[in-house]
2 protein chains.
Amino acid sequence: MPERIYNFSPGPGTLPYSVLQEAAVDIVNFKDKGIGLIELSHRSKEFMAVAEETENLIRELMGIPANYKVLFLQGGASSQFFMVPMNLLKADQKATYLNTGVWAKKAIKEAKLFGQVEVAYSSEDITFKRVPRDDEYTVAPDSQYLYFVTNNTIYGTQFPTMPNKEAMLIADMSSDILSRPVDVSKFGLIFAGAQKNMGPAGVTVVIIREDLLDRVDDKVPTMLKYKTHAEKDSMFNTPPCFSIYCVGRVMNWLKQTGGVAAIEKLNREKAALLYEVIDSTEFYRGHAEKESRSLMNVAFNLPTPELEAQFIREATAVGLDGLKGHRSVGGCRASIYNAFPREGVEKLVTFMADFAKKNG
Amino acid sequence: MPERIYNFSPGPGTLPYSVLQEAAVDIVNFKDKGIGLIELSHRSKEFMAVAEETENLIRELMGIPANYKVLFLQGGASSQFFMVPMNLLKADQKATYLNTGVWAKKAIKEAKLFGQVEVAYSSEDITFKRVPRDDEYTVAPDSQYLYFVTNNTIYGTQFPTMPNKEAMLIADMSSDILSRPVDVSKFGLIFAGAQKNMGPAGVTVVIIREDLLDRVDDKVPTMLKYKTHAEKDSMFNTPPCFSIYCVGRVMNWLKQTGGVAAIEKLNREKAALLYEVIDSTEFYRGHAEKESRSLMNVAFNLPTPELEAQFIREATAVGLDGLKGHRSVGGCRASIYNAFPREGVEKLVTFMADFAKKNG
């Protein structure tokens, strides 16, 4: 096997190596039962135990109160863009959205199919380079919820703290869930595609306050009601078993690593290394405003697109992979989720300093 | 490792052992690239090649005409129950359904949310023990489509041939896709959850005639339009990468095995062995009428529920696993999908003959 590369992809992204090794064994022969993990009936006691353990670990790591359900759904975060308003917003009701990037904008588009949408803040005209402070927008008293994206992968911005408003919060936490402690009790609903901080693609975790389950209209298709899945512990139909298993293994790894508070410390250290090298030279320019900087995705530019292309090419050649920025902002982006090792960040920082010296 | 058990589960079910072994290697280090399969960005050239190969193999094995799209969606077959009418049926339009089991019935329930549903045939009052011949029902000339379930896992029934009617066919082929040749050009849409004949749970394959993509109403959420996924080759959002990869490996195995016509011959032989032992004694009673018998799921009863429980217990003890029938019909069921080995069927047949002799 060649040396393992450092994978800076924005997601699907790097996973703990130990989890890959566990999965490789269980796929062929799950716990020595003579049957592969992905051949297990989802109603077998073996798989039911996997799903239960995964849920319990998420509950424990996030400190989820007992009056919240944890659901394992399919369709990605993109399906939550419509499921949230389909379940929680009526045609004559209002909801408030913060437009901090492409994913927020897509959610706004879907919500407009169901109810009245108020966009209380937008940084679209400044290429989404910041997120708002609480004093920069208001939420109407009759708004059903305040929807926001905690971390914006493309622009490298992140809410440094959660909005403190008189409103039920709903958050797309796809790219920073479990990267720092969050008070779940402030939220009506949290969702996250797994493929950044939780596991492989194929499962979306939804955390929903129980009293919201009954708001849905009878005319909504069965599979699109949160209530359907909540009542059957995500086993109404065959769930994405392998992805749920992997999320459980990643949660187990996170617990061994010390949990969410411990990983936050590591995440802050990793991000600081990168922002330091960016700030120490004129050569690199961070995309996000300092107060909005993400600990998960560090987006930056070099003096010219040609130098950016050269940078990415040379980095790839030394095993620093996936650094190309999103086409909508260009430049470079280092995604350093929970499982991304500190050594990889150190190697990139050294590479950046050298590259700036040679080409600056 | 203990001896590999024979897994008669109705799905997720047994997969080719060689596929499990390939997946175990690629999960840790995909094609020796120093990165795990489930860590690959879905937009990497490596994963794009995986998705393309998977699609091409399905097209080749099924002989799918060029004017059909092959989509990799999420949400299981259960999500197709509403997506089909949501995309293809307007409130003032009519569609025809055949009620041959629980899965058909669930699809009928969802379709009623969108348009006028005519149930042209039902075997519900005889515990779904048969499927209709063409001369047993009619399809109204103004019906948009004829919807049916090709194989009914719970009752062990299967359409011996596809309906020959003046109507566009739409089929749930979840439990017998790729088990026998099918003329795709007779269909408007075919869908199948992967976890029986194609791979692990987590991906649903949809084969749709291109001209149907434009029928959908603008007010349908983006993710629920087939058109959205067709236009982006199933990469509108992050697809269930691992499940798609596995489907590709299973398709490769099927091609090596000789393709669909060859596997049909093997499937007929396997099923014949089981039906022969059932018919050769009064001890076992097949659930399905002979003309409707499934090659995929063989459902049968013993003289008493106590003997059935004993049968299942003793079978499990000798490595014949997953033989318990669905709670709605009771008894026993042997699911023998494409990847189920003939030796396992032979072992079960011997066990059944012995059990009948001892307890009959």
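Read-outs: derived from the displayed coordinates by stated rules, not from any lab. Computed from a prediction, not measured in an experiment: that's the story for all the values here. Reconstructed Cβ throughout: ideal geometry from the backbone, glycine too, with neighbour counts over all protein chains shown.
Take each residue in A:69-77, count the other chain C-beta atoms within 10 Å of its C-beta, and the mean is 3.
Debye-formula intensities of segment A:168-232, expressed as log10 I(q)/I(0) at q = 0.16, 0.23, 0.29 Å⁻¹, are -0.60, -1.05, -1.24 (one equal scatterer per alpha-carbon, no solvent).
For the options A:S174, A:S44, A:S123, a Gaussian network treatment of chain A with springs between C-alpha atoms closer than 10 Å singles out A:S44 as fluctuating the most.
Listed from fewest to most Cβ neighbours within 10 Å, the set A:T150, A:T161, B:T281 follows the order A:T161, B:T281, A:T150.
Can you find, among A:L224, A:T316, A:N67, the residue sitting farthest towards the positive end of the charge dipole of chain A, where Lys and Arg contribute +1 and Asp and Glu -1 at Cβ? Looking along the dipole axis, the top candidate is A:T316. Among DSSP bridges having both ends in the protein assembly as shown, what percentage is antiparallel? Round to the nearest 5. In the protein assembly as shown, approximately 50 percent of DSSP beta bridges are antiparallel ones. Distance distribution note for segment A:260-359: the fraction of Cα pairs above 18 angstrom is 42%. Scaling the Cα radius of gyration of chain A by the globular reference 2.2 N^0.38 Å produces a ratio of 1.01.
Its Cα gyration tensor gives segment A:67-120 an equivalent ellipsoid; the semi-axes, largest first and in whole Å, are 19, 15, 10. A simple rule links phi to the HN-Hα coupling: the Karplus curve 6.51 cos²θ - 1.76 cosθ + 1.60 with θ = phi - 60°, which for segment B:338-351 gives 2, 7, 6, x, 4, 4, x, 5, 4, 5, 5, 4, 4, 4 Hz, with x for Gly and Pro.
Enclosing the Cα atoms of segment B:84-186 in their convex hull gives a volume equal to 98 cubic angstrom per residue. Ordering of A:297-303, B:194-200 by packing is B:194-200, A:297-303, highest average first (other Cβ atoms within 10 Å, averaged per residue).
Inter-copy label distances for A:D134: 7.2 nm (label point placed 7 Å from Cα along Cα→Cβ; shortest first).
Neighbours of A:D233 by Cβ distance under 9 Å: Lys/Arg scored +1, Asp/Glu scored -1, total -1.
Residues A:E269, B:E166 in ascending order of nearby Cβ atoms (within 10 Å, fewest first): B:E166, A:E269.
In this structure the amide hydrogen of B:M162, modeled in the peptide plane, comes within under 5 Å of no amide hydrogen from residues 5 or more places off or on another chain. Among the residues of A:24-33, the average count of other protein chain beta-carbon atoms within 10 Å of the residue beta-carbon is 5. Over all other residues within a Cβ to Cβ distance under 9 Å of A:T96, the charged ones net out to +1, with Lys and Arg as +1 and Asp and Glu as -1.
Once Rg and the Kirkwood radius are both taken over the C-alpha atoms of segment A:1-160, their ratio Rg/Rh works out to 1.06.
The residues A:Y97, B:Y68, A:Y337, A:Y137, when put in order of fewest to most other Cβ atoms within 10 Å, stand as A:Y137, B:Y68, A:Y97, A:Y337. In terms of distances greater than 22 angstrom between alpha carbons, the cross-link table entries A:K270/A:K347; B:K90/B:K219; A:K196/A:K270; B:K109/B:K225 yield no pairs at all. What number, rounded to the nearest 500 deg cm²/dmol, is the helix-based mean residue ellipticity at 222 nm of chain B, given -39500 (n - 2.57) per DSSP H run of at least four residues and division by all its residues? The per-residue figure over chain B is -11500 deg cm²/dmol. Run a plain Debye calculation on the protein assembly as shown (Cα atoms as equal point scatterers, no solvent) and give log10 I(q)/I(0) at q = 0.07, 0.08 Å⁻¹, rounded to two decimals, same order as the q list. Debye curve over Cα of the protein assembly as shown, log10 I(q)/I(0) at q = 0.07, 0.08 Å⁻¹: -0.50, -0.65. Distances, shortest first, from the label point of A:K219 to those at the same position in the other copies read 0.7 nm; the point lies 7 Å along Cα to C-beta. GNM remark for chain B: springs join alpha carbons under 10 Å apart, and the peak mean-square fluctuation among B:D233, B:D211, B:D176 falls on B:D211.
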